[in-house]
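One structure is given below, encoded as structure tokens.
The values are calculated or read from the model by the stated rules, or taken from the named source; none is laboratory data. From a predicted model like this one, the values you see are computed outputs, not experimental measurements. Neighbour counts run over all protein chains shown; Cβ positions are idealised from the backbone, glycine included.
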């Protein structure tokens, strides 16, 4: 059968269709998927995991004139999030091969020794519609004894052109590594003192100067286990405020997409007792597209 990456590459090559052309066709049919995401499917760096992405993959089959299921059947078995909040962290979502390789290179023996019990993300978008700043607060609880460090992680849809600034609180950042393509950053944050089983900690980290040109009008965050509270706050430059916005949620019970309005150029949501699942926002700018990043 082969992998999705192999099947998608064959189909695109046979039809001489570029990723940009495919992305435009998907958008016109109501299933917008960015070029960078399509590229990650074609390279094998990622595969569609959630219903929305799989629906888009079905649409790709139609656009490329493939038999129904020709691409979807190449997907690995899904680890559908279950409702049981007592399962161990990491049971629902496996680390990617790139994450495993980088954590191994750092010497991080067990990135799941501390569980995330809550988190808050704040993301700033610049005038040119690129991500200029990402701030994260994490609440940890040790599920093993003597947890000395916790991971930080930044996954991107397109490669960084330079290393971002990283500022941390609640620990000391000792090691940071990037994957070969520049799409993934992982690091080790050493805590002030080891956590005993059941003890908690709070950490913060901020990425600045990311300046990643995005061709996707969505930001979704994954709650890998039941979290007491999870929040997302998107803040847009006054010249880059979206024209239309939607909230998106997907759990084991299904998915929901609702039209929402920004408030003073920002979108925010707080989920209580949420997960495992995905939530976030989608949007459109008034021109329906994206402005080229400033040079």
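Report, by residue number, each residue of the range 220-230 that is assigned to a strand (DSSP E or B) and within 14 Å of the chain's Cα centre (by Cα).
220, 221, 222, 223
I want to confirm something. Restricting to the range 20-38 and keeping residues that are under 20 Å from the mean Cα position of the chain (by Cα) and farther than 17 Å from residue 58 by Cβ, which single residue is modelled with the lowest pLDDT?
Only one residue tops the list, namely 36.
Anything in the range 91-112 that is more than 16 Å from the chain's Cα centre (by Cα) and either under 14 Å from residue 142 (Cα atoms) or at pLDDT below 75 (or both)? List them, or say none.
Hits for the range 91-112 are 91, 109, 110, 111, 112.
I'd like to verify a number: residues in the range 231-262 that are at pLDDT below 90, part of a strand (DSSP E or B) and either closer than 25 Å to residue 114 by Cβ or out of contact with any strand residue (DSSP E or B) (no Cβ under 7 Å at 6 or more places or on another chain) (or both), how many?
Selection size over the range 231-262: 2.
Pick from the range 113-141 the residues that are farther than 24 Å from residue 270 by Cα and either part of a strand (DSSP E or B) or touching a helix residue (DSSP H, G or I) at 6+ places or on another chain (Cβ under 8 Å) (or both): which of them is modelled with the highest pLDDT?
Taking the candidates together, the pick is 127.
Quick one: what pairs do we get from the range 135-147, first residue in the same structural domain as residue 206 (by TED's automatic domain parsing) and at positive phi, second surrounded by fewer than 17 Cβ atoms within 10 Å (Cβ to Cβ) and at pLDDT 90 or above, C-beta under 9 Å, 6+ apart or different chains?
146/194; 146/196
Select from the range 74-89 the residues that are touching a strand residue (DSSP E or B) at 6+ places or on another chain (Cβ under 9 Å) and farther than 19 Å from residue 201 by Cα and write down the one among them that is modelled with the highest pLDDT. Can you show your working first?
The first filter runs over the range 74-89 and keeps only residues touching a strand residue (DSSP E or B) at 6+ places or on another chain (Cβ under 9 Å), leaving 81, 83, 85, 88-89.
Subsequent filtering for residues that are farther than 19 Å from residue 201 by Cα retains 81, 83, 85.
Details: 81: 41, 83: 37, 85: 33.
The qualifying residue modelled with the highest pLDDT is 81.
Pick from the range 40-53 the residues that are surrounded by fewer than 16 Cβ atoms within 10 Å (Cβ to Cβ) and on the phi < 0 side of the Ramachandran plot: which of them is nearest to the chain's Cα centre (by Cα)?
Among residues in the range 40-53 that are surrounded by fewer than 16 Cβ atoms within 10 Å (Cβ to Cβ) and on the phi < 0 side of the Ramachandran plot, the one nearest to the chain's Cα centre (by Cα) is 51.
How many residues are buried (at least 20 other Cβ atoms within 10 Å of the Cβ) and in contact with a strand residue (DSSP E or B) (Cβ under 6 Å, 6 or more places away or on another chain) when one looks only at the range 119-129?
Here the count works out to 2.
Within the range 263-284, how many residues turn out to be modelled with pLDDT under 90 and over 21 Å from the mean Cα position of the chain (by Cα)?
Of the residues in the range 263-284, 0 are modelled with pLDDT under 90 and over 21 Å from the mean Cα position of the chain (by Cα).
Can you name every residue in the range 152-173 that is modelled with pLDDT under 90 and either surrounded by fewer than 17 Cβ atoms within 10 Å (Cβ to Cβ) or part of a strand (DSSP E or B) (or both)?
Taking the range 152-173 and keeping what is modelled with pLDDT under 90, we get 152-165.
Within the range 152-173, 152, 153, 154, 155, 159, 161, 162, 163, 165 qualify.
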